[in-house]
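Have a look at the structure below before the remarks.
The values are calculated or read from the model by the stated rules, or taken from the named source; none is laboratory data. Predicted model, so just to flag it, every value in this text is computed and none were measured. Ideal geometry is used to build each Cβ from the backbone, glycine not excepted, and the neighbour counts take in all protein chains shown. Heads up: the accessible areas ignore ligands, DNA and RNA and are worked out on the full protein's heavy atoms, side chains in. Shrake-Rupley method; radii C 1.70, N 1.55, O 1.52, S 1.80 Å.
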Amino acid sequence: MTFKPKYISFDCYGTLINFEMGPTARRLFADRVDEKRMPAFLDSFRFYRLDEVLGAWKPFLEVVDNAIRRTCHAHGVECRDSDGQALYAAVPTWQPHPHVVETLEKIAPHIPLVILSNSMIDLIPHSVAHLKAPFHAVYTAEEAQAYKPRGQAFEYMFDQLGCGPEEMVHCSSSFRYDLMTAKDLGFMGKAYIDRNHEPYCDGYGVSRLTDFRQLATLVGL
């Protein structure tokens, strides 16, 4: 199956940019969490980040800081005041996954590219610069005043584009943050980029891609 969307929207971190929050936390806490306990510690950090974005909007630094404090409390680990800031400050340094830049550059002349990211207005430009390809629009949770997976974030994007989900393909490596909501909203197409950081979930009508270059074929290029 191929799609001919009016726009392709993308999650940024994890899908386009290698999301290194876990590896960054692993390095930061190497002196406080032993290797046997580290997987459970990082799993908790992943859960608390999701839990933090499900309520009222707050700055992403606060999301990260709250999540790491809750993780440390749950595991009986010392949390330093500098930990949240150190994790947040690493975000602009993260780089694209393999084949992302070349594939985006191939698609961009034919279908406008859009980013919808759980990011901040002053944070996202660093990552967009790493991606190099021309984006039609870049929207953040700060502008939407809501984080994905909340529908409000997607609805903000639709309003800004003047385009409904039935005319769009959404591309993400996360069911929990993106693709479950995309299914409920009725996107024309949903591309799951399998990065091995979330299990595949059947029943959501996604096109499963194991190589980002397959996206071009999915949209008929």
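Some observations on this one:
- Just one residue in the set S172, S207 is of a type in the set (S, T, N, Q) and crowded, with 22+ Cβ neighbours inside 10 Å; that residue is S172.
- Complete set of residues in the range 9-24 that are touching a helix residue (DSSP H, G or I) at 6+ places or on another chain (Cβ under 6 Å) and assigned to a helix (DSSP H, G or I): G22, T24
- A single member of S9, S44 is more than 17 Å from the chain's Cα centre (by Cα), open to solvent by less than 30 Å² (accessible area, probe 1.4 Å) and of a type in the set (S, T, Y), and it is S44.
- Selection status of A216, crowded, with 18+ Cβ neighbours inside 10 Å and modelled with pLDDT of 95 or more: no
- With respect to the conditions (1) within 18 Å of the chain's Cα centre (by Cα); (2) under 30 Å from D159 (Cα atoms), L87 falls short on a single one, namely (2).
Yes/no per residue for (1) at pLDDT 95 or above; (2) surrounded by 18 or more Cβ atoms within 10 Å (Cβ to Cβ); (3) farther than 30 Å from G220 by Cβ; (4) of a type in the set (G, A, S):
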| site | (1), (2), (3), (4) |
| --- | --- |
| Y48 | yes, yes, yes, no |
| D51 | yes, no, yes, no |
| L54 | yes, no, yes, no |
| V63 | yes, yes, yes, no |
| S82 | yes, no, yes, yes |
| Q85 | yes, no, yes, no |
| V91 | yes, yes, yes, no |
| P112 | yes, yes, no, no |
| S117 | yes, yes, no, yes |
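- Of all the listed residues (D194, D178, D159), the sole one being open to solvent by less than 10 Å² (accessible area, probe 1.4 Å) and acidic (D, E) is D178.
- Of the residues screened, A129 is one that is surrounded by fewer than 14 Cβ atoms within 10 Å (Cβ to Cβ), part of a helix (DSSP H, G or I) and over 15 Å from the mean Cα position of the chain (by Cα).
- Each residue in the range 140-156 was checked for being in contact (Cβ under 8 Å) with a residue 60 or more places away in the chain and surrounded by fewer than 17 Cβ atoms within 10 Å (Cβ to Cβ), and 1 of them qualify.
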